[in-house]
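Computed from the coordinates by the stated procedures, all read-outs in this text should not be read as laboratory data. A quick note: this is a predicted structure, and the numbers were derived from the prediction, not measured. Glycine also receives a Cβ, built like all others from the backbone with ideal geometry; neighbour counts cover every protein chain displayed.
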Amino acid sequence: MTPVRIDANRAAGTVTIAWADGHETTYDGPRLRWLCPCAYCRGEAGMPGWLDTNPTLTSDQTRLVDVALVGTYAIQPTWGDGHSTGFHTFHLLREWCPCDACSRDRERRAADTTGAGVGGGERHWHGGHR
Ligand SMILES: [Zn+2]
Ligand SMILES: [Zn+2]
């Protein structure tokens, strides 16, 4: 789960991460925004967050303005609407890698654990504290 290279492409609004195991992932703005793990977006203490209401995101809300590195464990994107409270940990980013191979992996694991905490297990990737 360790990145060896992180490229933020402001023009394209994407973030590309090269992983230590040779895998490489490009996240576009909407993808990253939907992964925002902050308390507002994801909820906390069992309460649903804003993203759980399946909102229609505006172009501002999915426009990547800036990306900061947080320690050695996360990135913190700033969005066109000013939102910047989400720490996307590398663990979370790799977990939700949108490529075909990883998507298939996720489906397989979801199928394996049917009834055994699906959803519950995925939700505590909180990126830390601000
Ligand atoms: Zn958020
Ligand atoms: Zn992948």
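Which of the cysteines found in the chain have nothing to pair with, since no other Cys Cβ lies under 4.7 Å from theirs?
CYS38, CYS99
Which of the peptides 100-107, 69-76, 56-63 is most tightly packed, and how do the rest follow, judged by the mean count of other Cβ atoms within 10 Å per residue?
Final packing ranking: 69-76, 56-63, 100-107.
Taking other Cβ within 10 Å of each residue's Cβ, how do TYR40, TYR27 sort, fewest first?
TYR40, TYR27
Could the peptides 18-24, 89-95 be put in order, highest first, of the mean number of other beta-carbon atoms found within 10 Å of their residues?
89-95, 18-24
Which of CYS99, CYS38 has the fewest other C-beta atoms within 10 Å, and how do the rest follow up to the most?
Taking fewest neighbouring Cβ atoms as first place, the list is CYS99, CYS38.
Any number yet on Rg/Rh for segment 3-112, C-alpha, Kirkwood?
0.96
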